[in-house]
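A.B. asks: Dropping the structure in here first, questions after.
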Amino acid sequence: MQIEITPSVKNLGQKNLGGVVMYRITDKKDLSPIDYFIEVEAPHVAKAWKPGQFVIFITHEKGERIPMSVYKAEDGKIGMFIRKLGKTTLELYHEFDVGDTLWSITGPLGKAIEVKDYGNVVFASDAVCGHAENHATLKAMKEAGNYTISIQSFEDKENVYPEKFLAKSVADEYYLTTQDGSMGIKGDFLDVIKGLIENDKVDIIFAGGNLGTLAQLAELTRPYGIPTITTIRQIMVDGTGMCGSCRILYDGKIRFACRDGPMFDAHKVDWEDVIRRGKRFLELEKRARERYLQRLNEKHGKEVF
Ligand SMILES: Cc1cc2nc3c(=O)[nH]c(=O)nc-3n(C[C@H](O)[C@H](O)[C@H](O)COP(=O)(O)OP(=O)(O)OC[C@H]3O[C@@H](n4cnc5c(N)ncnc54)[C@H](O)[C@@H]3O)c2cc1C
Ligand code: FES
């Protein structure tokens, strides 16, 4: 359902909680022209969250439920890396500022990653998914005594996050790639992983990213028997395994990405089914984004995005 964005929308959360300030935005920064960092007070989530788990936030009373990974949970606050993709992620960027409140944050949801001593742990992520998990997972893995190898792929130099937000600080070995070669290694994380496998440097791989790339990663590591755990992003609604929206075929059985994942053994995932289901609402999402951008540009009297 479409709603009209008005300046009053952004503080509905605060008003409706009877003046109790919850889910207050405490920081917001550009990471690149298309990604931003946002930090929000959510003490109950920050206390219980573990790497691999996610949250679902709602920006205002009539907003959609938006699943989001967590990059950091500290001091009662959670930090998220958000891509301006469609209506809600653009609305949050353009209509909400530090001091405003979100309507709700539910979580932590999903299963946490098992943190133990694996040996050499790789985390690979790209512009589509996984930079938050990359940092969070490798931080925990390093603390558990593993040798951590991070690979982060971006489209080009312009889209690379500021150094402070890269997973470099939690990696013993770090690789940055760009599709066009304008910074770091040219290509995507698959190219780096091939080299690491040849040098026998990989005990386990975790990865987030474009579903097509993850499917290729599964085929790359299968012959070597390297455990490969990948994030499966599907359209989520309730986030608790009730609605069925995020169902996937896993080892021939139905599983729910929100409840049983979001990270799964890539060698057991039916990738064709996952990729097909991920495209279900593309046309509707495109229309919602266009309508929102039209309203936003009209409001500002110029092209804002
Ligand atoms: C477990 C999980 C973790 C995620 N972590 C991040 C993250 O760290 N950073 C980030 O930028 N994005 C993340 N996403 C994706 C994020 O939820 C979507 O970008 C967001 O919902 C887009 O909403 P929109 O209204 O702006 O765009 P829309 O135009 O509604 O959607 C754009 C695209 O976002 C995806 N999407 C839309 N709605 C949902 C939904 N309800 N559930 C899942 N995917 C959806 C679809 O691929 C869709 O094509 C995550 C998704 C999941 C399932
Ligand atoms: S989001 Fe409803 S079952 Fe996963």
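A.B. asks: Give segment 253-269 a look and list any residue that's touching a residue at least 12 places away in the same chain (Cβ under 8 Å) and more than 13 Å from ligand 1 (Cβ to nearest atom), or say none.
C.D. replies: ASP265, ALA266, HIS267, LYS268, VAL269
A.B. asks: Filter segment 244-265 down to the residues that are surrounded by fewer than 15 Cβ atoms within 10 Å (Cβ to Cβ) and over 14 Å from ALA215 (Cα atoms) and list them by number.
C.D. replies: Selection gives GLY244, ASP251, GLY252, LYS253, ILE254.
A.B. asks: Residue under question is ARG233, and the condition is that it be within 16 Å of ligand 1 (Cβ to nearest atom) and within 22 Å of GLY79 (Cα to Cα); does it hold?
C.D. replies: yes
A.B. asks: Condition (residue is of a type in the set (S, T, N, Q) and within 27 Å of ASP260 (Cα to Cα)) applied to segment 48-59: is it met by at least one residue?
C.D. replies: Yes; the residues of segment 48-59 include at least one that is of a type in the set (S, T, N, Q) and within 27 Å of ASP260 (Cα to Cα).
A.B. asks: For residues that are touching a residue at least 40 places away in the same chain (Cβ under 8 Å) and either among the aromatic types (Phe, Trp, Tyr) or farther than 25 Å from ASN146 by Cα (or both), scanning just segment 156-201, find the one that is surrounded by the most Cβ atoms within 10 Å (Cβ to Cβ).
C.D. replies: PHE189
A.B. asks: Exactly one of (1) touching a residue at least 40 places away in the same chain (Cβ under 8 Å); (2) farther than 19 Å from LYS194 by Cα is unmet by ILE149. Its number?
C.D. replies: (2)
A.B. asks: So, one more: If I go through segment 134-168 residue by residue, how many of them are over 19 Å from the mean Cα position of the chain (by Cα) and part of a helix (DSSP H, G or I)?
C.D. replies: 4
A.B. asks: Hey, another quick one. In segment 48-89, what residues are in a helix (DSSP H, G or I) and modelled with pLDDT under 95?
C.D. replies: Across segment 48-89, the qualifying residues are LYS87, THR88, THR89.
A.B. asks: Now for a different question. Within segment 146-155, restricting attention to residues that are more than 20 Å from LEU31 (Cα to Cα) and in contact with a Leu (Cβ under 9 Å, 6 or more places away or on another chain), which residue is surrounded by the fewest Cβ atoms within 10 Å (Cβ to Cβ)?
C.D. replies: ASN146
Condition check ((1) assigned to a helix (DSSP H, G or I); (2) modelled with pLDDT under 90; (3) in contact with a Lys or Arg (Cβ under 6 Å, 6 or more places away or on another chain)) across all residues:
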site: LEU220; (1), (2), (3): yes, no, no
site: ILE235; (1), (2), (3): no, yes, no
site: MET242; (1), (2), (3): no, no, no
site: ILE254; (1), (2), (3): no, no, yes
site: CYS258; (1), (2), (3): yes, no, no
site: HIS267; (1), (2), (3): yes, no, yes
site: ASP273; (1), (2), (3): yes, no, no
site: GLU285; (1), (2), (3): yes, yes, no
site: GLU303; (1), (2), (3): no, yes, no
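A.B. asks: From the list GLU114, GLU143, GLU133, which residue is surrounded by 15 or more Cβ atoms within 10 Å (Cβ to Cβ) and acidic (Asp, Glu)?
C.D. replies: GLU133
A.B. asks: Being in a loop (DSSP other than H, G, I, E, B) and in contact with a helix residue (DSSP H, G or I) (Cβ under 8 Å, 6 or more places away or on another chain) is the filter; apply it to segment 99-111 and report the residue that is surrounded by the fewest Cβ atoms within 10 Å (Cβ to Cβ).
C.D. replies: LYS111
A.B. asks: Hey, LYS268 hits all of (1) surrounded by 22 or more Cβ atoms within 10 Å (Cβ to Cβ); (2) within 24 Å of ASN146 (Cβ to Cβ) but one; which does it fall short on?
C.D. replies: Only one criterion in (1) surrounded by 22 or more Cβ atoms within 10 Å (Cβ to Cβ); (2) within 24 Å of ASN146 (Cβ to Cβ) is unmet by LYS268, namely (1).
The values are calculated or read from the model by the stated rules, or taken from the named source; none is laboratory data. These figures come from a predicted structure and were not determined experimentally. All Cβ positions, glycine included, derive from the backbone under ideal geometry; neighbour counts span all protein chains shown.
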